[in-house]
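Notes for the one structure printed next.
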Amino acid sequence: MKLAKTLLVTALGGLAVISGTAAVAAAPQKVAITTIVEHPALEEIRKGIIDQLANEGFVDGKTIKIDYQNAQGSSATAGQIARKFVGDNPAVIIPITTPSAQPVAAATRQIPVIFSAITDPLAAKLVKQWGKNEGNVAGVSDQIPLEPQVELIRTLVPNVKNIGYVYSPGEANSVAVLEMLKVEAEKQGIGVLAVPAQRTIDISTAAKSLVGKVQVIYTSTDNNVVSAYDGLYKVAVENKIPLIAADFGSVERGAIAALATNQYNIGVETGKMAAQVLRGVKVPDLATVRMTDLDLYLNPQAAALQGVSVPQVLLEKATRVVKHD
């Protein structure tokens with residue numbers, strides 16, 4: 001007579017161990033990543049996040065399972081994605097950009113949220129202060145000081161009297177940059193002419209309305225603007241209005257210069273914080289931070305097409321100079 005075997009199951013270090021059988025690995029932790037649109041700067045951030053998680057042992061398809069969702073520029077879709085993620089109950093949600101972070105933060109008070117590339121997380125009402133906060137939200141800001149931005153503009157366009165600024169009024173980060181730009185430009189006797197553009201398709205028309213009124217156009221990391229940069233570049237070339245940006249990706253696409261934080265490094269810092277959460281660190285023990293290093297990127301060919309000659313002193317200081325074949 002055969003006796004039935006009793007299987008003893010115990011949990012050891014995340015492994016289910018069954019006597020007489022091979023160990024079975026625990027299910028990977030869920031990591032949810034979302035962004036409002038796709039463009040080169042945001043792709044660099046996402047790559048930095050995923051690479052850093054992998055460097056710390058959290059590899060997609062092995063120890064974690066990443067669910068990435070892109071809202072295709074729609075705030076309604078961003079809200080749907082936020083609700084989906086909350087229903088999936090991942091170990092951490094990583095929203096990239098303010099329009100993605102706000103609906104995620106509104107949808108949950110329990111799931112850890114580590115945001116990335118939020119220009120002004122205080123104005124966006126994601127956190128109450130820089131540093132540590134109570135609650136489930138922390139992250140990395142891409143906010144950059146505006147004083148060196150205005151100095152760069154004056155170096156490249158010495159005759160500047162008015163700076164044009166095309167922005168999305170629905171993006172809190174863009175509105176925050178506008179207010180900071182006005183303050184800094186006024187200190188240096190320069191005006192700011194801002195033109196709102198609700199949709200990506202409105203960007204080119206908004207830029208055309210600045211022709212004859214401004215000597216330069218400054219662009220922030222406004223997602224609608226960056227998504228439509230090709231149209232903005234066309235207006236700049238046709239009317240010899242220099243474009244100066246706040247991200248390297250826009251320099252590759254036609255801005256003449258940017259004094260910016262490295263987008264990939266923003267992702268790396270975000271990945272470090274997310275890794276801590278995956279190890280069990282509580283969000284209130286993590287500090288919301290700003291990136292401090294600025295790199296100078298130049299595109300001399302775009303500058304020439306927009307009527308600007310890049311000074312040699314800037315070429316010597318540049319972190320990277322875009323060269324075309």
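The values are calculated or read from the model by the stated rules, or taken from the named source; none is laboratory data. On a predicted model such as this, the values are computed, not experimentally measured, just so you know. Neighbour counts are summed over all protein chains in view; Cβ atoms, including those assigned to glycine, are modelled from backbone coordinates with ideal geometry.
Every test in (1) more than 22 Å from the chain's Cα centre (by Cα); (2) surrounded by fewer than 23 Cβ atoms within 10 Å (Cβ to Cβ) is passed by V216 save one, and that test is (2).
Checking the stretch 313-323 against the condition returns a match, with at least one residue being modelled with pLDDT of 95 or more, surrounded by 15 or more Cβ atoms within 10 Å (Cβ to Cβ), part of a helix (DSSP H, G or I) and in the same structural domain as T205 (by TED's automatic domain parsing). For the stretch 202-230, the candidate set comprises residues that are farther than 15 Å from Y167 by Cβ and part of a helix (DSSP H, G or I); within that set, the residue that is modelled with the lowest pLDDT is D230. Here A274 passes the criteria (1) at pLDDT 95 or above; (2) crowded, with 19+ Cβ neighbours inside 10 Å; (3) assigned by TED's automatic domain parsing to the domain that holds Y165 except the one numbered (3).
Any idea which residue in the stretch 245-297 is nearest to I163 (Cα to Cα), counting only those that are of a type in the set (D, E, K, R) and assigned to a strand (DSSP E or B)?
Among those that are of a type in the set (D, E, K, R) and assigned to a strand (DSSP E or B), it is D295.
Per the listing P121, P103, the residue uniquely outside the structural domain of S227 (by TED's automatic domain parsing), within 30 Å of G191 (Cβ to Cβ) and of a type outside the set (A, V, I, L, M) is P121. Within the stretch 254-266, restricting attention to residues that are in contact with a strand residue (DSSP E or B) (Cβ under 9 Å, 6 or more places away or on another chain) and of a type outside the set (S, T, N, Q), the residue that is farthest from D202 (Cα to Cα) is I266.
Residue pairs whose Cβ atoms lie under 6 Å apart, separated by 6 or more positions or on different chains, with the first residue in the stretch 283-308 and within 17 Å of I144 (Cβ to Cβ) and free of Cβ contacts under 8 Å to residues at least 60 places away in the same chain and the second basic (K, R) and in a strand (DSSP E or B), are Y297/R320.
Among the conditions (1) under 25 Å from N262 (Cβ atoms); (2) outside the structural domain of V310 (by TED's automatic domain parsing), S168 misses just one, which is (2). All conditions in (1) closer than 30 Å to I244 by Cα; (2) in contact with a strand residue (DSSP E or B) (Cβ under 8 Å, 6 or more places away or on another chain); (3) in contact (Cβ under 8 Å) with a residue 60 or more places away in the chain hold for A71, with the sole exception of (3). None of G73, G61 is over 18 Å from the mean Cα position of the chain (by Cα) and not acidic (D, E) except G61. Among the residues of the stretch 220-234, is any hydrophobic (A, V, I, L, M, F, W, C), surrounded by 19 or more Cβ atoms within 10 Å (Cβ to Cβ) and more than 20 Å from T97 (Cβ to Cβ)? Scanning the stretch 220-234 turns up no residue that is hydrophobic (A, V, I, L, M, F, W, C), surrounded by 19 or more Cβ atoms within 10 Å (Cβ to Cβ) and more than 20 Å from T97 (Cβ to Cβ). Taking the stretch 235-244 as the range and being crowded, with 19+ Cβ neighbours inside 10 Å and in contact with a Lys or Arg (Cβ under 9 Å, 6 or more places away or on another chain) as the test, only V235 passes. The criterion of at least 2 residues that are of a type in the set (D, E, K, R) and surrounded by fewer than 23 Cβ atoms within 10 Å (Cβ to Cβ) is met, among strands (runs of 3 or more DSSP E) falling completely within the stretch 25-124, by 64-70.
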